[in-house]
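Trainee: If you scroll down you'll find the structure; I have some questions about it.
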Amino acid sequence: MNQCSKSVRGRCFCGAVQFVLTFPTDMCGHCHCESCRRAHGAAFVTWTEVPKTQFQFLSGEDRLKRYNSGSTVHWGFCANCGASFLYENEDAPGRVWVTMASLTGPLDRVPDSHVSFEEHVDWFKVNDGLPRYKEKSEIEIDSF
Ligand SMILES: [Zn+2]
Ligand SMILES: [Zn+2]
């Protein structure tokens with residue numbers, strides 16, 4: 001980790017959408033829920049979260065599309081390359097989640113947990129010793 005940095009940049013696959021996150025972030029963890037897995041075509045998605053006041057587009061905001069999987073849930077992706085890297089939920093106004101994989105430099109923290117672990121796929125073995133939580137609670141799931 002780079003303790004000197006006050007921010008980190010990120011971008012989509014093609015680079016049309018560029019943004020910057022200002023530290024401190026509020027969390028970083030791996031989400032195993034089915035929505036994250038299907039939205040990203042991945043076994044799990046690693047997210048960080050900041051207040052929207054700490055998220056800024058540098059370019060390409062007009063290329064960002066949002067898929068609404070529910071009345072309050074918005075998944076942001078680049079209309080040009082399809083890379084999915086933002087999550088917003090009107091039930092958590094003023095917050096934005098950003099995928100760690102879209103960042104171009106070090107974050108101010110490392111992933112510290114697995115959430116929605118009850119939905120994890122059985123074809124990827126998690127063996128990193130981090131706590132595994134039920135949904136977004138602090139109830140730990142022992143093992144599967
Ligand atoms: Zn793109
Ligand atoms: Zn999820």
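Trainee: Out of everything in segment 24-42 that is assigned to a loop (DSSP other than H, G, I, E, B) and touching a strand residue (DSSP E or B) at 6+ places or on another chain (Cβ under 9 Å), what residue ends up being farthest from Gly70 (Cα to Cα)?
Mentor: Looking at the filtered set, the residue picked out is Pro24.
Trainee: I would also like to ask the following. Could you check, for segment 25-41, whether at least one of its residues is open to solvent by 60 Å² or more (accessible area, probe 1.4 Å), within 15 Å of the chain's Cα centre (by Cα) and within 16 Å of ligand 1 (Cβ to nearest atom)?
Mentor: Checked against the condition, which is being open to solvent by 60 Å² or more (accessible area, probe 1.4 Å), within 15 Å of the chain's Cα centre (by Cα) and within 16 Å of ligand 1 (Cβ to nearest atom), segment 25-41 yields at least one hit.
Trainee: Further, regarding this structure: Taking segment 4-24 as the region of interest, how many residues are more than 16 Å from ligand 1 (Cβ to nearest atom) and in contact (Cβ under 8 Å) with a residue 60 or more places away in the chain?
Mentor: Selection size over segment 4-24: 5.
Trainee: Ser71: in a loop (DSSP other than H, G, I, E, B), open to solvent by 70 Å² or more (accessible area, probe 1.4 Å) and either more than 16 Å from ligand 1 (Cβ to nearest atom) or in contact with a Lys or Arg (Cβ under 6 Å, 6 or more places away or on another chain) (or both), yes or no?
Mentor: Here the answer is yes, as Ser71 does meet what is asked.
Trainee: Still on this structure, please answer the following. Condition (residue is closer than 21 Å to Asp112 by Cβ and open to solvent by 50 Å² or more (accessible area, probe 1.4 Å)) applied to segment 44-52: is it met by at least one residue?
Mentor: Yes, segment 44-52 contains at least one residue that is closer than 21 Å to Asp112 by Cβ and open to solvent by 50 Å² or more (accessible area, probe 1.4 Å).
Trainee: Checking the structure you have, find out if any residue of segment 28-37 is more than 9 Å from ligand 2 (Cβ to nearest atom) and of a type in the set (Lys, Arg).
Mentor: Taking every residue of segment 28-37 in turn, none turns out to be more than 9 Å from ligand 2 (Cβ to nearest atom) and of a type in the set (Lys, Arg).
Trainee: Six or more apart or on different chains, Cβ atoms under 7 Å: show the pairs whose first residue is in segment 42-60 and modelled with pLDDT of 95 or more and whose second is aromatic (Phe, Trp, Tyr) and within 16 Å of ligand 1 (Cβ to nearest atom).
Mentor: Hits for this filter: Phe55/Phe19; Gln56/Phe19; Phe57/Phe19; Leu58/Phe19.
Trainee: If a residue must be crowded, with 19+ Cβ neighbours inside 10 Å and either among the acidic types (Asp, Glu) or within 14 Å of ligand 2 (Cβ to nearest atom) (or both), how many such residues does segment 89-107 contain?
Mentor: 4
Trainee: Here is a further query. Specify which of the listed residues (Leu58, Leu21) is aliphatic (A, V, I, L, M), in a strand (DSSP E or B), touching a Phe, Trp or Tyr at 6+ places or on another chain (Cβ under 9 Å) and open to solvent by 30 Å² or more (accessible area, probe 1.4 Å).
Mentor: Answer to the selection: Leu58.
Trainee: Name the one entry in Glu118, Glu88 that is modelled with pLDDT of 95 or more and assigned to a strand (DSSP E or B).
Mentor: Glu88
The values are calculated or read from the model by the stated rules, or taken from the named source; none is laboratory data. Everything numeric in this text was worked out from a predicted model, so none of it was measured. Here the Cβ is made from the backbone with ideal geometry for all residues, glycine too, and neighbour counts use every protein chain on show. All accessible areas refer to the heavy atoms of the entire protein, side chains included, with ligands and DNA or RNA removed. Shrake-Rupley method; radii C 1.70, N 1.55, O 1.52, S 1.80 Å.
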